[in-house]
1. In the list C:I248, C:I210, which residue meets the criterion of being out of contact with any His (no Cβ under 6 Å at 6 or more places or on another chain), surrounded by 24 or more Cβ atoms within 10 Å (Cβ to Cβ) and at negative phi?
2. Among the listed residues A:V46, A:V36, A:V6, A:V86, identify the single one that is free of Cβ contacts under 8 Å to residues at least 40 places away in the same chain, away from chain C (no Cβ under 14 Å) and within 18 Å of the chain's Cα centre (by Cα).
3. Filter region E:144-158 for residues that are under 15 Å from E:L3 (Cβ atoms) and more than 14 Å from chain D (Cβ to nearest Cβ); which is farthest from ligand 2 (Cβ to nearest atom)?
4. Among (1) at pLDDT 90 or above; (2) in a helix (DSSP H, G or I), which single condition is A:K103 missing?
5. Please go through region D:131-143 and pick out each residue that is touching a residue at least 24 places away in the same chain (Cβ under 8 Å) and either within 10 Å of another protein chain (Cβ to nearest Cβ) or within 16 Å of ligand 2 (Cβ to nearest atom) (or both).
6. Considering only region B:135-152, state which residues are within 12 Å of chain C (Cβ to nearest Cβ) and out of contact with any Ser or Thr (no Cβ under 9 Å at 6 or more places or on another chain).
7. Which one of these is surrounded by fewer than 22 Cβ atoms within 10 Å (Cβ to Cβ) and facing chain E (nearest Cβ under 8 Å): D:I213, D:I240, D:I252, D:I220?
8. Looking at region B:223-232, which of the residues that are within 11 Å of chain C (Cβ to nearest Cβ) and at pLDDT below 90 is least open to solvent (accessible area, probe 1.4 Å)?
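The values are calculated or read from the model by the stated rules, or taken from the named source; none is laboratory data. Just so it is clear, the model here is predicted, and its values are computed rather than measured. Note that we place each Cβ from the backbone using ideal geometry, even for glycine, and neighbour counts take in every protein chain shown. These area figures cover heavy atoms from the full protein model, side chains too; ligands, DNA and RNA do not enter into them. Shrake-Rupley method; radii C 1.70, N 1.55, O 1.52, S 1.80 Å.
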Amino acid sequence: ADKINVGILSLTSHSPSIIAEAKGYFDEQELEVEFVSFQAAQPMAVAIASGDVDFGMTAISGGLLSLADKGVVKIIGGALQETPDVEGQKILASKAAHDDGVKTPADLKGRSFGITTTGSSFHYMAHKIADKEGFDRSEIKVKPLQKVPAVIASLKSGQIDAWSIVPNIAGALTKGPEVVEIGKVSDYIDNYQVTTVFTSTSNVEEKPELVKRFLAALSKGISDYNAALVDKSMSEEETAEIVKAIHQYVYSDQPIDKADPRIRAGAMRINENAALSMASVEDQLEWFKSEGLAPEGVTIEKLVDTSFVEAR
Amino acid sequence: MSDQTANAPIKREPHEGLRPVPFRGGGFRHRKLGPVAPVVFLAILLVWELGSRSGFISQIALPAPSAALAALGDLISTGMLWKHLGASLYRLLVGWAFGSLLGIAVGLLIGLFSLARAGLLPLVSALFPIPKIALLPLFIIWFGIGEGSKVATILFGTFFPTVIATYGGVDNVDRNLIRMGQSFGMSWLSIVRKIIIPGAMPAILSGARISASIAIVLLVAAEMIGAEFGIGAYILMAGALFALDQLIAGVAILSILGLSIAWLIGKAEQRLLAWRN
Amino acid sequence: MSDQTANAPIKREPHEGLRPVPFRGGGFRHRKLGPVAPVVFLAILLVWELGSRSGFISQIALPAPSAALAALGDLISTGMLWKHLGASLYRLLVGWAFGSLLGIAVGLLIGLFSLARAGLLPLVSALFPIPKIALLPLFIIWFGIGEGSKVATILFGTFFPTVIATYGGVDNVDRNLIRMGQSFGMSWLSIVRKIIIPGAMPAILSGARISASIAIVLLVAAEMIGAEFGIGAYILMAGALFALDQLIAGVAILSILGLSIAWLIGKAEQRLLAWRN
Amino acid sequence: MQLIARNITHRYGGRLVLDDISFSIGEGEIVCVVGPSGCGKSTLLRILGGLEKADEGEALVAGEAPEGSLNPLTYIFQDFALLPWRSVRGNVSLVLEDHGIRGARANAIIDDVLARTNLSDFRDALPRQLSGGMKQRVAIARALAVKPAIMLMDEPLSALDSQTRELLMDDLVSLWSREPFSACYVTHNLNEAVRLGTRIVVLSRRPGRIREIVEIDMPIDERAERLVELEKLQRHVWEIMREEAREADREIANV
Amino acid sequence: MQLIARNITHRYGGRLVLDDISFSIGEGEIVCVVGPSGCGKSTLLRILGGLEKADEGEALVAGEAPEGSLNPLTYIFQDFALLPWRSVRGNVSLVLEDHGIRGARANAIIDDVLARTNLSDFRDALPRQLSGGMKQRVAIARALAVKPAIMLMDEPLSALDSQTRELLMDDLVSLWSREPFSACYVTHNLNEAVRLGTRIVVLSRRPGRIREIVEIDMPIDERAERLVELEKLQRHVWEIMREEAREADREIANV
Ligand SMILES: Nc1ncnc2c1ncn2[C@@H]1O[C@H](COP(=O)(O)OP(=O)(O)OP(=O)(O)O)[C@@H](O)[C@H]1O
Ligand SMILES: Nc1ncnc2c1ncn2[C@@H]1O[C@H](COP(=O)(O)OP(=O)(O)OP(=O)(O)O)[C@@H](O)[C@H]1O
Ligand SMILES: [Mg+2]
Ligand SMILES: [Mg+2]
């Protein structure tokens, strides 16, 4: 069996590969998988570039584009995507801003918007809102806060006016009095390909077979994941089984009865067979270049290898 | 000339207007006030706890100490404490040991050879102030995401202060002792081994004290890179989940770790530098 | 007893077997070797540049120095350098000034009053080793994401070393000078103002040297929180975009900043401590 | 003014350092206290000047301090105790400032004492620029500035090399001849003691007890010409002390 | 073995420190070099022992070192130069180790020199536990251990208090009486010079020039009884030096 390292973040959306491992889909492909946990997507991308990790899932970021430009990583498939049929990312406002008149995303003109780092997906979403609402991108003040928790703290304490985030975190936040939902990201970005599957260029070029086998196993994991957690078409025992497997890596510091609902709440649809929305990827690439957050030379060909999955 | 034996009655003592010399030597001396420190600690904890319970200190601003203690209890009862501590201690130990050894070696070179001093010292001064977190992306590429980059972060952080402490120590070795060694015809190596290195030892050990605390501070930065276990990783995770009780528990562990290491180095100093007062 | 005036011929000089006393006083002295440091710097840069150009040093491991220089050039030509530097210098200055002032005040308290020593010193020792990045989530809540938390990070980072340097300085003031002051009936305040504070000044200044370099190291951590401009923010952005040329350029700016501040403090020392050798 | 030590006994951490010391210093007298290392001489002087409290017994003064004395009991220290960051005149003015003497009045006093100690050319020098002998002269000038009734001198010459010591002894004698001062002069050096003392209090090794009090009837300013007589006196004191000194030297610190 | 200074001239950074110094030290002679502070005495001694190179002139030796001498020219320093981390015996064995003398042979030598300096009870003490006098005795023992032909002593007693100095001078005299050694003995202290020197080289203040060379014909071990004669001699040397010393003391460091 071939040994591969798969990078994951401790989020439910990274669980298809965990499911694939638990259900033996990787074994079927004769892959011996080692999971490597990361705290953030950026170091994972770097680790794939350096060859410490073979596969990962991450949002398209400036760092990823920079690495693609250097010819060391490639996107090979799609993962999380906003589709009309499931709940997507929410746009949130702090209570203070809401009281001050921020009722819809259109009111974000002149307001501050939390992001993790320059060139992150949050940055992209903020600018897309500005574009669609027809005000200048510079009129929405992005605040880089490095980490999601920092953004949450800032939003709760009213130090930033708005933010956008996946539904399970958004749901948890809007339960409290400090945060209000003011819109949906899907209203501003069509078919938003939030995360993608990627690997190193050397894997694509030298071991395409390995990449194919990984994607095949991952696809089966994705199916199970969607069935169990998104469509909820699986039996409860099987679902519990899957949640238990996921719990090894996600919310592992909490007892299963506490972690279970959180894991389930965090599920968003992942494209079957890791299909990739090229339109969305192109749009994102366009945005990065227009903001000067990606090197001039990076092209869609350098970024994506479309030979492995359906590109639509 | 006349002699007067001890304890003979004092002659000529005047009896009018005798008064004691006024005392003016008070203050500026440190009295030992045994239990003040624990009392202050307890008082702070108490005020904090009461403030938290009464809601005067907001829950999101600071968790109650009892909550932090409970989080610590969880860590111990689940046995995770030892896993985290073990991982961190390993990184600290390896990084700090290699950083110190390399630092001492380079420090000795700089202290002993003019050429090394002229060539290396400016380099060390220029690289010392670079914040290690700024280099994390590079460290991943250079040392991978395994233990390599974590140990390397700590190693780099401890290397520079050790170099500076060591060459400073060599510079401060009493020149007269070196001259004494030369005057008795001792060889260069003997002088270095028997005079310079023991003479620089106090400075090296106090450098170790500093580099140990730097190592602990860097633990959090080091464990930003793909660490599953470790006190730093635990704190980062607690921060990520905004679990302030766990965050405070983790910080308290680091603080205790720092104090323990300082205590250990103090013991080592007592043994190695028993010749000092 | 017979006298012999100077320069009279020396009597009794033996003429057989005269030989010079062998020289044995060499080494262990530092010669000045003027241009070694720049030569070493240039050599390193050259090897690095050539390595990068030839592909021996991979692009993703380290950008060529020329690329970093170009990034620096961009920063200057777009005028962004001054914006970043200005923002960072403001934070450094405010945080460091307040941290130092508070630190000196608390250090003097600890140095002068047994009660303050017993109560505060253990607290300071326990809080000193806490890594500031671990507390960032708390700082956001306490001080907001504006300048407050950035200044506070630097303030906290510089406060503790200053306290320790100051009280150490007070402790090391020559007790005989204090006794002299008392013996001339000087008031407590006069002794503190005219003897203790000037006597502790060398230690306070060398504490300032340390705290300044800590402040620069903390700049990156401080600017993690909602900073648009600043050298730390620039480095973080470069790291996030994996723009290594900009990363190295930012790190170089920090390094130069550190050296400049050290130089300034050196100048201040020369003026304030002119009474020393 | 007179200074009287009455049955002074002192301990440090339970260890007896001074045992029942009594003597008195009259107007215009220089009382030398000699004794081996560590016998408690400095402790005794600190007690006499009110810088330390004796466990038992007491230090007493009798009579009035002279007109205008700012600090009746004034020390001169072995290590000079000059502020290194103040110039010569700054070091003298230091002890006047707290008495509210500034400006022209201070200048007059400073000029006077610097002239008496031959330091007028060194007003603006910093201590580090001066030799040890000059430093001690500054300390003497500083002491003179407060018009002391009694000077308490703790081995004032023992940090100096022997030639400088010789020079300063001459200076002290000429200061005393012009205007006799009272002093308690602590020293190791028997030569100094016989040259300067009107009386020599000889202490045993620790715990310091009075072994003998030797009176010297020869006027202080005649002694430079009668060295041979003094030599005999010095021998006599040395005979008393030799064994004590040898034992004190061979003591091992139990640290 | 004899040691000869021949026209030694030395500068530090262009400043003349020693100017044309010539004298010689014969077998069994103690030559004392006296002079005011900063006149270059220590520099001269460093040049004589090969620790520094003279700008002009040279230090020469003539004749053979005695059988078994490990280090013909051996220093004794003012500040003792003991390694604080080694015990008394460790400090002595230090200078034997490089000659490959260890174990029983080293022990025999160490026992012998410690006995000669009355240190046998202090074998295992650390320097910090010893008084200054005892420390200098250890340094003398260490010097004796290498069987020097000529000892170079740089103010060996000036860090000690005057009583200890007196005791050590007696010790040196008795060491010399049992087995005469040659030495160049640098000192400030004229009393030491007249008590120990077979000849006294008197230097002027900086730049050090030879003012006079005074021969003393009295046997060293008889001098304790002939103090009055020595006192006169000492006065004579002091007359030569007094003004030099006063000028040297009043020099201001131009730093
Ligand atoms: N503050 C103190 N606390 C404890 N012990 C002390 C203190 N001061 C002095 N001693 C001890 O008391 C003894 C006498 O000390 P003191 O300094 O009075 O002696 P001395 O005669 O002046 O000695 P020296 O000739 O060395 O100056 C010594 O054994 C010393 O160690
Ligand atoms: N290494 C050196 N570099 C420059 N100047 C020196 C050095 N060593 C000594 N000097 C200067 O040379 C002069 C003579 O110094 P030296 O130590 O030989 O005098 P000394 O007679 O031993 O003085 P002392 O009596 O104070 O011991 C002094 O002015 C001193 O400042
Ligand atoms: Mg004393
Ligand atoms: Mg000298």
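1. Details: C:I210 fails: surrounded by 24 or more Cβ atoms within 10 Å (Cβ to Cβ).
Result of the check over C:I248, C:I210: C:I248.
2. Working: A:V46 fails: away from chain C (no Cβ under 14 Å); A:V6 fails: free of Cβ contacts under 8 Å to residues at least 40 places away in the same chain; A:V86 fails: free of Cβ contacts under 8 Å to residues at least 40 places away in the same chain.
Residue meeting the stated conditions: A:V36.
3. That would be E:A149.
4. (2)
5. Just the residues of region D:131-143 that are touching a residue at least 24 places away in the same chain (Cβ under 8 Å), to begin with: D:131-133, D:135-143.
Those that are touching a residue at least 24 places away in the same chain (Cβ under 8 Å) and either within 10 Å of another protein chain (Cβ to nearest Cβ) or within 16 Å of ligand 2 (Cβ to nearest atom) (or both): D:S131, D:G132, D:G133, D:K135, D:Q136, D:R137, D:A139, D:R142, D:A143.
6. Across region B:135-152, the qualifying residues are B:P137, B:L138.
7. On the way: D:I213 fails: facing chain E (nearest Cβ under 8 Å); D:I240 fails: facing chain E (nearest Cβ under 8 Å); D:I220 fails: facing chain E (nearest Cβ under 8 Å).
D:I252 is the lone residue from the list that is surrounded by fewer than 22 Cβ atoms within 10 Å (Cβ to Cβ) and facing chain E (nearest Cβ under 8 Å).
8. Of region B:223-232, the ones within 11 Å of chain C (Cβ to nearest Cβ) are B:223-224, B:231-232.
Next, only the ones that are at pLDDT below 90 stay: B:223-224.
Details: B:E223: 0, B:M224: 32 Å².
So the residue we want is B:E223.
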